[in-house]
Structures are given as C-alpha cells and as structure tokens.
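Asker: Mind having a look at this structure? Questions to follow.
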Amino acid sequence: MTVERGVRLMAGVIVLVSLALAHYVSLYWLWLTAFVGLNLLQSAFTNWCPAMTILRVIGMKDAGCCSNNGGCCSTK
C-alpha cells in the first residue's frame with residue numbers, strides 16, 4: 001500500500017467512525033469529520049498532511065516511486 005492510498009483509507013475510516021460516534025454518542029463528534037475534510041482539502045493544495053508523515057515513518061512508500069509491476073525505484 002502506498003502513502004496516498006493509506007491517507008485515503010485512514011480518512012475514510014475516521015469519517016465513518018466519527019459519524020457513528022455522532023449518531024450514538026454526541027453531535028460534537030462531527031467536528032472530527034469537519035477536521036478530516038479540511039485536512040483533505042488543504043492537502044490537495046499542499047500535497048502534505050500529518051498522516052502522510054506518520055505513514056512514511058512506518059515504512060509506506062510514495063506512489064510516485066512505484067512502477068506498474070509492483071517494484072519500487074529504490075530496489076532497482
């Protein structure tokens with residue numbers, strides 16, 4: 001999995017969890033949904049968000065370095 005796909009996965013999970021929490025616990029959880037949306041919006045312009053840094057630290061590769069056959073440029 002690449003960093004870009006990981007960010008989308010993480011954002012989707014957080015949005016769904018926060019919506020469930022807003023429904024069952026408190027509407028204040030919708031602020032988390034708004035935060036994720038704003039973070040995705042700013043990352044569209046800056047190509048950076050905190051989740052990208054975390055995913056890179058745990059070893060995920062950027063999509064730009066991987067070829068279509070699954071290999072990465074750093075291994076060639």
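Asker: Which net charge results when you count Lys and Arg as +1 and Asp and Glu as -1 among the other residues whose beta-carbon is under 12 Å from that of Asp62?
Answerer: So the environment of Asp62 carries a net charge of +2.
Asker: Just to confirm a number: summing +1 for Lys and Arg and -1 for Asp and Glu over residues other than Met10 whose beta-carbon lies under 14 angstrom from that of Met10, what do you get?
Answerer: Net local charge, Met10 excluded: +2.
Asker: Residue by residue through the stretch 44-56, which ³J(HN,Hα) values in whole Hz follow from phi under the Karplus form 6.51 cos²θ - 1.76 cosθ + 1.60 (θ = phi - 60°), with glycine and proline marked x?
Answerer: For the stretch 44-56, the Karplus curve yields 5, 8, 9, 6, 8, 8, x, 4, 4, 5, 4, 5, 5 Hz.
Asker: Another one. Under a 5 Å amide H to amide H cut-off, with H placed in plane at 1.01 Å, what residues pair with Thr2 once short-range neighbours are removed?
Answerer: none
Every number here is computed from the coordinates shown, using simple stated rules; none is lab data. The structure presented is a predicted model; accordingly, all values stated were derived computationally and were not measured. All Cβ positions, even for glycine, are placed from backbone atoms using ideal geometry, and neighbour counts span all protein chains on display.
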